[in-house]
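Single-structure report; data block below.
The values are calculated or read from the model by the stated rules, or taken from the named source; none is laboratory data. Here the structure is a predicted model, which is why all the values come from computation and not from measurement. Neighbour counts run over all protein chains shown; Cβ positions are idealised from the backbone, glycine included.
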């Protein structure tokens, strides 16, 4: 199976950016609190500055090392195990974001490993299988997808945006060949034809990305702006019950 680097390229930027902003907020708060409690401006400034640097060092140093090396190394080892050997025989690619992608019987598949944390219990590990398709005709696609979604012999299939996804019923030790073959039989029966992943990204994917950016922008509020520097807060997305 293909090898990938343990540390993702450029991943440190995410930690550095988050810690920079979070540390700055805590630093400003501690500076104001210290100043209001009667400390001098210089002492308060040093307290705030020290906390800011401390947050950056902690999250970028300890957090990055833990998440992007030790935990990621453990995940990669599991993804290179015999559990996923079928994907290797079919030349599926393991991406640095830790999901598999490949073509099987002309259909483009993605296999996304997931872990659900269980308090005081063993974590649940499962996969989500996705496949991309195009319609035999361009009309009435949304209504067709709504009608197609439901319970199948493979599991609960969800059709949307010319992509079908599901968690296999044999999620503990999935038989990828049986799941792929079963899903393809459903797609062919419904006259849903293979859709190349790159083409999907350049059409449907781009539209979804634009919609997501607009939705995220609607949840983002400015907090502080000093010259070109601007602090923003993005409200958490509301959870939709299924």
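Numbers below:
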read-out	value
Residues that are under 25 Å from residue 125 (Cα atoms) and buried (at least 17 other Cβ atoms within 10 Å of the Cβ), drawn from region 54-75	64, 68, 72
Selection count where residues are out of contact with any helix residue (DSSP H, G or I) (no Cβ under 8 Å at 6 or more places or on another chain) and surrounded by 20 or more Cβ atoms within 10 Å (Cβ to Cβ), scope region 153-167	0
Residue 105 being surrounded by fewer than 15 Cβ atoms within 10 Å (Cβ to Cβ), outside the structural domain of residue 69 (by TED's automatic domain parsing) and touching a helix residue (DSSP H, G or I) at 6+ places or on another chain (Cβ under 6 Å)	yes
Condition check for residue 113: under 23 Å from residue 97 (Cβ atoms), outside the structural domain of residue 74 (by TED's automatic domain parsing) and in contact with a helix residue (DSSP H, G or I) (Cβ under 8 Å, 6 or more places away or on another chain)	yes
Unique residue being closer than 30 Å to residue 176 by Cα and crowded, with 17+ Cβ neighbours inside 10 Å when the list is 98, 94, 80, 51	94
Complete set of residues in region 148-167 that are within 18 Å of the chain's Cα centre (by Cα) and within 14 Å of residue 180 (Cβ to Cβ)	164, 165, 166
Boolean, residue 118 is surrounded by fewer than 18 Cβ atoms within 10 Å (Cβ to Cβ) and either in contact (Cβ under 8 Å) with a residue 40 or more places away in the chain or not assigned by TED's automatic domain parsing to the domain that holds residue 192 (or both)	no
Some residue of region 68-85 being touching a helix residue (DSSP H, G or I) at 6+ places or on another chain (Cβ under 7 Å) and touching a residue at least 24 places away in the same chain (Cβ under 8 Å)	no
Candidates 239, 225 - the one that is modelled with pLDDT under 70 and touching a strand residue (DSSP E or B) at 6+ places or on another chain (Cβ under 9 Å)	225
Residue 208 vs. criteria surrounded by 13 or more Cβ atoms within 10 Å (Cβ to Cβ) and either closer than 30 Å to residue 25 by Cβ or more than 22 Å from the chain's Cα centre (by Cα) (or both)	no
